[in-house]
Amino acid sequence: MNTRRALPYSLVIVITFLAGILFATAGSDILGVSERIMKPTSAQGVDPRVHYEGDTRVDQRVSIDDAFVRVADSVSPTVVQIRSERLVERSLVNPFEGSPFENFFRQQPQGEPQQFRTNALGSGVFIRDDGFLATNYHVIDGADDLEVMLHDGTFHKAEVVGSDPNSDLAVLRLVGFEGTVPAISFGEKDRIRIGQWVLAFGSPMSEDLGNTVTSGIVSALRRTSVQLGNINPFASLIQTDAAVNPGNSGGPLVNLQGELVGINSAIYSRTGVNQGIAFAIPVDVVRNVTDQLIEKGRVDRGFLGVTFDRVPETLADLQNVPRSAAQVTSVTEGAPAAKAGLQEGDIITAVNGSRLRDFNELRTMIANMAPGEEVTLEVTRGEDALSIEVELAERSRFVDDARDDPDANDNGATDREAPEEMLGLRVETLTEQQLQAMGLPVAEDVAGVLLTQVDQNSTAYRDAELRRGDIISRMNRKPVSSVDQFRRIYSDIEPGRAFMVEVQRLAREADGSVTLRKFFTALTKPE
């Protein structure tokens, strides 16, 4: 039988000892232990965010929670809670009317208006260290008493320095305040990116929830639409999913450097509370408006002098232009656009080299420029690509904004408001290009105003059954051929009176051809 010679026990012990040392060394490298127990001997491959102070290793890398904490610490002292009181009138209605208990409700005569004081809650942020703060216009609208609670819990009376309903911004100042306050730093619009982290500050829902901080990301930029135009017609809004609720209005939206990137202004919700879609007025608009309000108490805006609409797909294909461009539907006589040679049917694709991402951006870009500023418009006219220089005028010389009228009633309707807006409509003078885009031949007997938007909450939509794309050709039994004529006819109608409207609507025949079908409906002029 063959036998193997056993290894000396001493040799086995030595081999085991050496193997253990090798394993321990390799394991420390794998687990990064050697990095923690040894100083680097050379700068090669060393993370510049890591250094040593004596024998102490200092890691300058910041975790996301550390970043949030730092921003909250630096921004919270600049945020305030705004409490407002206002006097309102309401008519009491008998809740038991028509029931056997009707006569038991006699506290107030039915229908007689009674005055009540109501409280409202909002937020704001200091933009200057001498006590000037920015908030939303709708936070202070109609308020006759304003009180501001600072981060340290102290209360101060505030007064309105200036307000701008069209941008939904206002500037307040602490009354009788001496000293300085922490003020927020302004960020840069061009550095705001989709997907970046942002934090929202404010007092959501309750006075007891002051200086609430929520986080999210920038969901989208340059949000414009007819609906968002009702919030702010002169801003391309920032969309975020940071939790914003009633009471957050006027509070800051900041980046992870603690810089202001926007003022929280509105939410999109079917419940009235946060559903992950909120909108903020971008920092460039905030800076422009607040600076003007502080300096001169008003906001001057640039004015081009065109009405415009979207470019239909068929027209975009025909003209080889993006569908995000703006189609000029009329030019105001004597306005900068007319002097520069712009014409109906021109298609504006870019302003100062910045391509329009949505046709509504033409309005927001121009309105945030100063009167007298020269802009370059990239225009497509037929087969020609033109570059047109225009010097902007002052908007107030040509347009009376209804929102600026202090005598406007609760629904915003004034004598100066465009009649189509009072009816819940947006109209444009019908053009040959629009007829072609509809697939219709240009005919001399087709004239009127084109409905480019119909508010679905209006009686024009619900009762008169008007729809976007309809053409109003006669109103109050008189022919309509332009927006100006539409408005003149409307002005002659007595408030509260109903009038007939002749409408032509696009229809497709059995053979596939497109035609217009006429029908009649009626509208009532609001009292």
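No lab work stands behind these numbers, since they all come straight from the coordinates. Quantities reported herein were computed from a predicted structural model and do not represent experimental measurements. Virtual Cβ from ideal backbone geometry, glycine too; neighbours counted across all protein chains shown.
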27 Å Cα-Cα reach of Lys296 towards lysines, excluding residues that sit fewer than 8 places from it in its own chain = Lys157, Lys189
key: Fewest-first ranking of Glu494, Glu147, using other Cβ atoms within 10 Å as the exposure measure   = Glu494, Glu147
inquiry  = Please list, ordered by chain and number, the residues whose modelled amide H lies under 5 Å from the amide H of Gly424; skip anything fewer than 5 residues away on the same chain.
reply    = none
request  = Give me the Debye-computed log₁₀ of I(q)/I(0) at q = 0.12, 0.23, 0.24, 0.25 Å⁻¹ for segment 302-397, equal point scatterers on Cα only, no solvent, two decimals.
outcome  = -0.32, -1.21, -1.32, -1.43
request  = Treating each Cα of segment 411-524 as an identical point scatterer and ignoring solvent, apply the Debye formula and state log10 I(q)/I(0) at q = 0.10, 0.16, 0.18 Å⁻¹.
outcome  = -0.29, -0.72, -0.90
ask   = Could you give the length gained on full extension between Ala220 and Ile64, defined as 0.36 nm per residue of separation minus the Cα-Cα distance, in nm?
value = 54.0 nm
inquiry  = Can you list residues from other chains, or at least 5 along the same chain, whose modelled amide H is less than 5 Å from the amide H of Asp145?
reply    = Glu85
request  = Would you grab the residues whose amide H sits under 5 Å from the one on Leu386? Only those 5+ places off in sequence or on another chain, please, with H modelled 1.01 Å from N.
outcome  = Val379, Thr380, Arg381
key: Per-pair calculated FRET efficiency, R0 = 51 Å: Arg191 and Asp511 via Cβ, rounded to 0.05   = 0.35
note = In nm, the gap between the two label points placed 7 Å beyond Cα toward Cβ at Thr521 and Ser324 is 3.3 nm
inquiry  = What distance in nm lies between label points placed 7 Å from Cα along the C-beta direction at Asp145 and Asp492?
reply    = 5.2 nm
task = Excluding residues fewer than 8 places away in the same chain, name every one of the lysines whose C-alpha is closer than 26 Å to that of Lys478.
result = Lys518, Lys525
key: Local electrostatic count at Phe132 - Lys and Arg +1, Asp and Glu -1, tallied over other residues with Cβ under 12 Å   = -3
remark   = Taking every other residue with Cβ under 12 Å from the Cβ of Val160 and scoring Lys and Arg +1, Asp and Glu -1, one gets -3
inquiry  = Can you work out the Karplus-derived ³J(HN,Hα) for every residue in segment 151-157? Use 6.51 cos²θ - 1.76 cosθ + 1.60 with θ = phi - 60°, whole Hz, and x for glycine or proline.
reply    = 4, 7, x, 7, 10, 9, 6
key: Charge sum, other residues only, whose C-beta stays under 11 Å from Val390's C-beta, Lys/Arg counted +1 and Asp/Glu -1   = -3
request  = Could you run the Karplus curve 6.51 cos²θ - 1.76 cosθ + 1.60 with θ = phi - 60° over segment 279-291 and give me ³J(HN,Hα) per residue in whole Hz, x for Gly and Pro?
outcome  = 10, 10, 6, x, 4, 5, 5, 4, 5, 4, 5, 5, 4
